[in-house]
Structures are given as C-alpha cells and as structure tokens.
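The values are calculated or read from the model by the stated rules, or taken from the named source; none is laboratory data. In this text the structure is predicted, and so the values were computed from the model without any measurement. Cβ: placed from backbone, ideal geometry, glycine included. Neighbour counts: every protein chain shown.
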C-alpha cells in the first residue's frame, strides 16, 4: 500500500532506493548550509569584487595591514613549529609511558578546545603580565611576554596544542612493535630506530596536526587580543584589524582583509585535505 | 586502557626526561592558566566572587548565553542529523565536496564569521537598508548573536555523526523498512538508538562552543551592557574596566563549563568508545 502511495505521490522516485528520507534530509542540509554559510560567505567576495582591484589592493595591502598579516602568519608558523615539537613529546609520553594520572592528563589536553578563548586570553595575560606569576619570574632577565609579539605566539601555542597531540596519538598507538623489534635486531641503535622507522611513519600525521594548528592560529582572536597589547604595526593581529576597521565604519577595509584571510584559509584547507590523503596513502602502503 | 608494554624502549633516564618535559609543558600551558582563573576570581575571598556573579548585568549575560545556546544547539542537532542521514546513508555526486563545505566554518576566522553577517544585515550591507525600513534589527541585536553562533557551531554534530553512521551501514534500516516500518519509525527505533552516544558527544561539544564563542559574537554584538552581551563578552567588558575579580569570577563559570564538558566527553569516550566515531578514524 505504501508502495502505491509513493508511486502516486512521487512517480519520479527511483524504485530501487529502499531507504526513505533522502530528499528531505538533503533539502534541509542544503537549505541551512546555503542560508547560514554559503550566501553570507559569498557576501565577502561580492563586496570585494565590487570594490575594484586597485582599491582592494590599496586597503587590503597597506603597510599597517601587511604588518598584521606578518604577525598573524609568522606567529602562527612559529607556534605550529613549537607545537610540532612539544606536541610530539606529549603524545609520545602519553601513548608509550605509564605514570600516575596519565589518563586525566590525556583528557586535559583538550582544554584549549573547551575553554572559551576570552577566558584563555585573560588567564594567559594575567600569568605573563609583569606582575603575574610567570611574568614576574621572567622580568629580572629582561624577557617581556605580555603586550609583545612573544605573547601572541604564547597564545597561539596554547590554542594549537591539542591539534598536534590528537593527530599524532592514534598513529603512535597503531605503530607496529615488530617494526621496532626488527630494526633493533638488525643492529640499529634506539636513536636510529626512532629517526629512521618511527619518525617517517608519523610524519604525515605530525604535518597534518601542525597545519591544523597553524590554520587555527592565523585566525585566532579571543585568546590573542588580551595578551598582545595590540600596538599597530608591532603586536596587532589581522583579525583584530578587521574589528578595528569595522569600528571605524570602514567596511571596505574590513572586507578586503577578510577576503585575503578567507582565500588563505581555503588554500590551507586544500593543503590539509591533500596531507590527509597522503596520510591515508601511507597507511594503505604499509 | 594502559599502554601495553613495548618490548623495545628507551633507557630509563630518557623516559624520565621526556616525561618531565611533557609534564612541564602541560603545566605551563594548561594547569597554570586554569589555576590563574580560579586564583584571580577568589583573590579577595568568596564574598566579592559571589557578589560579582549576581549583578544584574551578569545575570542578563547568563540569560542571553542560555537563550543563544537553546536556539543554536537544537538547530545544529537537526542539521547534523539531516546531513549525516543524507551523506552517510546515500551515494550521490559531489558528496566529498558537501562534507568539505559543512566543515568550512571551522577553518574561517571567528572574526570573519561575524563580519559576513555584518555585510549581509548591517546598515551598509546587502539587506540592511530593507530591514531597517521594516524596523528589524539583526546586527547589534540578539538575532545576529544567534546567527553567528549557529555559523561557528554548524559542523559539530554533523562531523561526529557522518563517520559513525557511515561505519554502521544501512542494513538495519533497510531490514526495518522491508518489515513494514515507516521512515520516521525506522529512524526513531533503529537509527537513533545506534547513534545516541555519538549524538550526545556532538551536542556536548556544540554546546560548549555555543556558550563560549567570543570572536564571531563580539563582531555582531555591539556590546550593549545587559542587552547584547553574552557571558564571554561580559568577561571582556569587566576585564577592560579593570574589574579583575568580576572578570575572573564570571570567567570561572565558563572554565567550569569547560571542565564539565571535558569530564563528560572523557566519560563518553571511556564507556562508549565503540559507539563513538571520533576514535575510529
């Protein structure tokens, strides 16, 4: 009976599709995706295109904006490198060694994902301010973290940490013991085994994690703006400059910077997809 | 699950050194910031801490945050279920592209996520003049805050459910349909019980982000005290007014939310590991 009804109501429905609901689910998905994501995002590009190339370059690449890009991208790159090293050590220790509280510490690694960025921002600022617990320790050595570009990197390291640990951990877990045993029995030293067997196996995951941390750091706002000090040309990040331009009613300026950042995040997304494909290929090749 | 004993490992001094390095790094970047929030909130004792939490502006911020989450989370739940049903149970052209598009909000800077709605609905935006003529306010008002929150949280439920439902296949649903169950009945009685833990996991993360979002909401909010400030924005206002006890007291609410989310998430990962997709990839 229901078959007859389907045929009456939707004569175009394909008979061999046994599961219902594709049309409804797909319609809902596309409608929400278009209304919430695609149409608003296209507004940025449409506004930029309407600006004309010369004006776009003039407001999107002026010296103050260039300095902000340099800090956002340079800082995120440095933070990703630090996270690559520190995240690898953390993942290694959490996967390979046993010590009291290991599971709780493992769970805490996700804190930067769960803690709202504004809270992270004021907490880090308080720690590294000259009067803070860590800032006070560093001051006698003449090291200033809060309200300098160093502070920007500190915030980006915080926000990017889980990406590296969480992408490297599963690969380290799945690594076959026999590979290491074989290397050992063939006379390799521990260091040689690590360098020539383990590192190549986890390299795709490590690179992916660093790329994800980099992408997050470039666009990060909440955790950075409190600790940065936001001096134009020195410690002002690109997302903050978008906000500043908006507050000055300079919509064109904000849109141009946003367009540059969007294009860059799309390129990064593509790169991360390629990296993941490399990872998958490496996985099947093994 | 404790790590299984490996036959080959590093010398003892190396293991100890690496452990200390990792723990030192995590203390510096995880434990100390958390301790700083609680320490600053309680710096002058319990009373100023409690007083900061019950001011009218704080209560208004809490109400707005709860309202925003109450709209954004169910909407994302519906979106996530619909997207996962279409993507995981069916094959169609450009399926991979659709998955990438759903993940898009994660790779957009929060500030840009707010800006796009200003460009759509702001006074200088596409629809702004039309809306203003009809007296509808979206930017610098609650609807803008809700929209920006929906944008930044959109992928959470979908990205949790898609791999999970894909791994479960469609045999069970097909069997139910063949046996005469309707589409909704099949979904409620067959699909939903299979994905409930994954769904809860996605909702949990979605909710944490919805309540804690700062950048995107900051751009569209207009920062009108007691009117368009969510909890994170209220923290910023108090901090910029040098009311550090107040700022950290309100921030400790959000830190508590983060800790509860982490605990619930970890619990789900331990107890229902097999029914979650996050760790099978």
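Listed conditions (1) within 16 Å of residue A:151 (Cα to Cα); (2) buried (at least 18 other Cβ atoms within 10 Å of the Cβ) are all met by residue A:43, apart from (1).
Number of residues in the stretch B:201-238 that are touching a helix residue (DSSP H, G or I) at 6+ places or on another chain (Cβ under 7 Å) and under 16 Å from residue A:122 (Cα atoms) equals 12. On the given criteria, is residue B:190 within 13 Å of chain A (Cβ to nearest Cβ), under 23 Å from the mean Cα position of the chain (by Cα) and assigned to a helix (DSSP H, G or I)? Answer is no for this residue.
If only residues of the stretch B:16-43 that are surrounded by fewer than 17 Cβ atoms within 10 Å (Cβ to Cβ) and either at the interface with another protein chain (Cβ under 7 Å from one of its Cβ atoms) or not in a helix (DSSP H, G or I) (or both) are counted, the one that is modelled with the lowest pLDDT is B:43. Among the criteria (1) within 30 Å of residue A:132 (Cβ to Cβ); (2) more than 14 Å from every other protein chain (Cβ to nearest Cβ); (3) in contact (Cβ under 8 Å) with a residue 40 or more places away in the chain, the one residue B:51 does not fulfil is (3). When we screen B:77, B:101, B:64, B:81 for residues that are touching a residue at least 40 places away in the same chain (Cβ under 8 Å) and facing another protein chain (nearest Cβ under 9 Å), the only hit is B:81.
Would you check if residue B:69 is in contact (Cβ under 8 Å) with a residue 60 or more places away in the chain, closer than 19 Å to residue A:19 by Cα and either more than 7 Å from chain A (Cβ to nearest Cβ) or in a helix (DSSP H, G or I) (or both)? Against the criterion (in contact (Cβ under 8 Å) with a residue 60 or more places away in the chain, closer than 19 Å to residue A:19 by Cα and either more than 7 Å from chain A (Cβ to nearest Cβ) or in a helix (DSSP H, G or I) (or both)), residue B:69 does not qualify.
Checked against (1) more than 7 Å from chain A (Cβ to nearest Cβ); (2) assigned to a helix (DSSP H, G or I); (3) crowded, with 23+ Cβ neighbours inside 10 Å, residue B:119 passes all but condition (1). Just so you know, in the stretch A:91-112 the residues that are within 7 Å of chain B (Cβ to nearest Cβ) and under 25 Å from residue B:208 (Cα atoms) include one that is surrounded by the fewest Cβ atoms within 10 Å (Cβ to Cβ), and it is A:107. With respect to the conditions (1) more than 10 Å from every other protein chain (Cβ to nearest Cβ); (2) at pLDDT below 85; (3) within 25 Å of residue A:281 (Cβ to Cβ), residue A:211 falls short on a single one, namely (2). Can you find, within the stretch B:160-180, the residue that is surrounded by the fewest Cβ atoms within 10 Å (Cβ to Cβ) among those that are within 10 Å of chain A (Cβ to nearest Cβ) and in contact with a helix residue (DSSP H, G or I) (Cβ under 7 Å, 6 or more places away or on another chain)? By that ranking, first place goes to B:170. Against the conditions (1) more than 13 Å from every other protein chain (Cβ to nearest Cβ); (2) under 12 Å from residue A:71 (Cα atoms); (3) within 15 Å of the chain's Cα centre (by Cα), residue A:239 satisfies every one except (1).
Evaluation of residue B:195 against the conditions (1) within 30 Å of residue A:21 (Cβ to Cβ); (2) crowded, with 20+ Cβ neighbours inside 10 Å; (3) facing chain A (nearest Cβ under 10 Å); (4) more than 18 Å from the chain's Cα centre (by Cα) shows that the sole unmet condition is (3).
State all residues of the stretch A:25-41 that are within 21 Å of residue B:125 (Cβ to Cβ) and in contact with a helix residue (DSSP H, G or I) (Cβ under 9 Å, 6 or more places away or on another chain); if no residue qualifies, say none. Matches in the stretch A:25-41: A:32, A:33, A:36, A:37, A:38, A:39, A:40, A:41. Counting the residues of the stretch A:242-262 that are closer than 10 Å to residue A:59 by Cβ, more than 8 Å from chain B (Cβ to nearest Cβ) and in a helix (DSSP H, G or I) gives 5. Check B:112, B:157 and return the single one that is facing chain A (nearest Cβ under 8 Å) and modelled with pLDDT of 90 or more. From the options B:112, B:157, the qualifying one is B:112.
Residues that are more than 7 Å from every other protein chain (Cβ to nearest Cβ) and in contact (Cβ under 8 Å) with a residue 60 or more places away in the chain were ranked within the stretch A:113-132; the one that is surrounded by the fewest Cβ atoms within 10 Å (Cβ to Cβ) is A:125.
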